[in-house]
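Below you'll find the structure, written out as structure tokens, and then a few comments.
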Amino acid sequence: MKSAVEIAKDVQSGATTASAELAKAYDAIRARNEELNVFLHLDVEGAEKIAADVDARVARGENVGPLAGVPIAIKDNLCQIGIPTTCSSKILDGWKPPYNATVIDRLVAAGAVPVGKTNLDEFAMGSSTENSAFGPTRNPLDPSRVPGGSSGGSAAAVAADMTPLSLGSDTGGSIRQPAALCGLVGMKPTYGLVSRYGLIAFASSLDQIGPFSKTVLDSAVLLETIAGYDPMDSTSLNEPAPSLSAHVNDGVAGKRIGLVKELYEGADESVVASVMAACEALKAAGATIVELSIPELQLGLSAYYLIAPAEASSNLARFDGVRFGLRVDADDVTAMMEATRTAGFGAEVKRRIMLGTYALSAGYFDAYYGQALKVRTLLINAFKKAYEQADLLIGATTPSVAFKFGEKTDNPMTMYLNDVFTIPTNLAGDPALSVPFGTGEENLPIGIQLLGPGRSEAQLFAAARALESADGR
Amino acid sequence: MSSPLSREDVAHVARLARLTLTEDELALFTDQLGGILEHANDMSSLDLSDLAPTAHPFGLINVFRDDVVKPSLDRDGVLNEAPDAREGRFAVPRILGEAP
């Protein structure tokens, strides 16, 4: 399959058309969507109009943009006008957003063609898509295994060659983990680089929208397209958007890369071996590897599983049967709200709302939520210290390759431990990406995680490209 | 090991969160939430009294904008997506009743 950059070039030159590329995408989707459960909704008519518009602009001799005619899949927690947006929850049943997320407007302005909405763990809470109210997504590389989560549908869309690009959101690893499990490049940008306007909030101080793709260059081009200040999101960074794709081939010569013990210890043998092989490849490309230990990272999981549910319990209070989607009728308004929430939310969402409500409740606030916010400071300080000794950090994205359905659903802690390597960067607000490097059990892909200080996306892409090219891609 | 929270705590939190739990869910959540809170014990034993809490990774505070009147979302478009709307407003079942 052609990369996004190649498609855009061919559409702009007239070698192909946006409409033809879109038709190919829908053929690929129809061939496997029933088996894999990737898309919850396809917007065929809307996408055909956008593609026809791209073709008309090309015909008029206009320069359409860096993603001219590139089909893209959208995680179903991003709002698109008039298209059902469910967060894979029954509570949003039938709701259609009256506005576009900023990222949708920016994609269309750059010539991209959104084809439909992809499955996720309900409200992005999970690591396998097994928490979707509409059934799990299957990993295209091995349908008996999970694609990861929460952005499992968006990862599967690219892995199954349905679309060359997709958007996900990452609160504790929800882009990087499925990217690793599906053999893709997935990036969680610096907090505030991409506007969250129109992303249905899970944990507002951690959520970031980011790209999935097969190649590092495609990832950089997509992030460049969606990044930049947006007055509609008061947490978006008010500074010029960085140039990323121009730096993809900058290399790693002279860079110090910190190999962090806490970011691979405890992972499967094949995963650890891939991390070591990646270090060797970076060394061969001119980087220096510095062995580091950041023991504070081990506190990340505990802090995250108090902070994220606390914010979620507040954010999800808006789903009360009044303004959106589902309402279960009852005699008075309080009973209606309780009946609606009880029927509309799934088990994991209820569990996290309960946990967050408890952590914020009188008598426990200081011991749990307050303490977690201080651990967040501790982590930020520890990362700062590490970045005095290294330009970037390296570790594993996940402890194992893609696991089987039902393997981690009995005990929530078992599933949460899957995010142990990805969570710390969200707490720090820093960027990190996963790039495929090496394989494990059953020839399944392994993801290498590269982490950097805030605004280091260009350096991260350059290091990821160095690994990609060492792998002969 | 005794659970850090009781069945009564869980029932109380469910009321605060406006969720109705069955007896089975109550038992399961007491057990599962207890397990998660126990994992958080690695944090609670630390003395972090000299650290300030972080709510935003880059310490962003007080973002202001000019108070300019701009068009907002179309009212009917928003109300059309609500479960019930009347006379240009969201409609809900009765609010005033007997005191709880």
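Every number here is computed from the coordinates shown, using simple stated rules; none is lab data. Keep in mind it's a predicted model, so treat the numbers as computed, not measured. Using ideal geometry, Cβ is built from the backbone for each residue, glycine included, and neighbour counts are taken over all protein chains shown.
Calculate, in nm to one decimal, what A:ALA241 and A:LYS404 gain on full extension: separation in residues at 0.36 nm each, minus their alpha carbon distance. It would help to have the intermediate numbers written out before the result.
Numbers: separation 163, 0.36 × 163 = 58.68 nm, distance 3.97 nm.
Value of the extension gain: 54.7 nm.
DSSP loop (so not H, G, I, E, B), at most 15 other Cβ within 10 Å: list which GluC sites (Glu not before Pro) in region A:404-473 pass both filters.
A:GLU407
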(message) Once you keep just the Cα pairs under 8 angstrom separated by 6 or more residues, what percentage relative contact order results for region A:4-245?
(response) 18 percent
(message) Under 25 °C and 0.890 mPa s, how fast does region A:131-174 diffuse according to Stokes-Einstein, given a Kirkwood radius computed over C-alpha pairs? Answer in µm²/s, whole number.
(response) 229 µm²/s
(request) For the protein assembly as shown, give the share of DSSP beta bridges that are antiparallel, in percent and rounded to the nearest 5; count only bridges with both residues there. (result) 65 percent
(request) Using only the C-alpha atoms of region A:4-245, find the volume of their convex hull and express it per residue in Å³. (result) 108 Å³
(request) Give a quick list of trypsin sites (Lys or Arg not before Pro) in region A:196-305 that DSSP marks as loop, anything other than H, G, I, E or B, with at most 14 other Cβ atoms within 10 Å. (result) none
(request) Could I have the simple spin-label model distance between A:ALA15 and A:ASN411, label points 7 Å from Cα toward Cβ, reported in nm to one decimal? (result) 5.4 nm
(message) Can you give me the long-range amide H partners of A:ARG256? Hydrogens built in the peptide plane at 1.01 Å from N, cutoff under 5 Å, separation of 5 or more residues or another chain.
(response) A:THR288, A:ASP391, A:LEU392
(message) Restricting to bridges with both residues inside region A:4-245, how much of the DSSP beta-bridge set is antiparallel, in percent to the nearest 5?
(response) 60 percent
(request) Mind scanning A:LYS9/A:LYS214; A:LYS350/A:LYS374; A:LYS188/A:LYS214; A:LYS90/A:LYS408; A:LYS24/A:LYS117; A:LYS2/A:LYS75 and naming the pairs with a C-alpha gap bigger than 19 Å? (result) A:LYS350/A:LYS374; A:LYS90/A:LYS408; A:LYS2/A:LYS75
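Determine the calculated [θ] at 222 nm for chain A from helices alone, applying -39500 (n - 2.57) to every DSSP H run no shorter than 4 residues and normalising by the residue count; nearest 500 deg cm²/dmol.
Numbers: 15 runs with 181 residues, N = 473.
Computed mean residue ellipticity for chain A: -12000 deg cm²/dmol.
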(request) Could you list which residues have their amide H under 5 Å from that of A:HIS41, counting only those 5 or more apart in sequence or on another chain, with H placed in the peptide plane? (result) A:LYS117
(message) Would you work out the Kirkwood radius for region A:314-383? I mean one over the mean of 1/r across all pairs of different Cα atoms, in Å.
(response) 14.2 Å
(message) Taking amide H atoms as placed 1.01 Å from N in the peptide plane, list the residues 5 or more away in sequence, or in a different chain, whose amide H sits under 5 Å from that of B:ALA85.
(response) B:ALA91
(request) Provide the per-residue ³J(HN,Hα) series for region A:188-194, in order, calculated from phi with Karplus coefficients 6.51, -1.76, 1.60 and θ = phi - 60°, each as a whole number of Hz, with x at glycine and proline positions. (result) 9, x, 3, 4, x, 6, 10
(request) Provide, as a two-decimal number, the C-alpha radius of gyration of chain B over 2.2 N^0.38 Å, N being how many residues it has. (result) 1.78
(request) Rounded to whole Hz and in sequence order, give me ³J(HN,Hα) for region A:381-393 from the Karplus expression 6.51 cos²θ - 1.76 cosθ + 1.60, θ = phi - 60°, writing x for Gly and Pro. (result) 5, 5, 4, 4, 5, 5, 6, 7, 9, 8, 6, 9, 10
(message) What are the ³J(HN,Hα) couplings of region A:62-70, residue after residue, when phi is run through the Karplus curve with 6.51, -1.76, 1.60 and θ = phi - 60°? Round to Hz, x for glycine and proline.
(response) 6, 8, 6, x, x, 10, 3, x, 8
(request) Kindly provide the helix-only [θ] at 222 nm of chain B, computed as the sum of -39,500 (n - 2.57) over DSSP H runs of four or more divided by all residues, to the nearest 500 deg cm²/dmol? (result) -10000 deg cm²/dmol
(request) Determine one quarter of the surface area of the Cα convex hull of chain A, which equals its mean projected area, and express it in nm² to one decimal. (result) 21.3 nm²
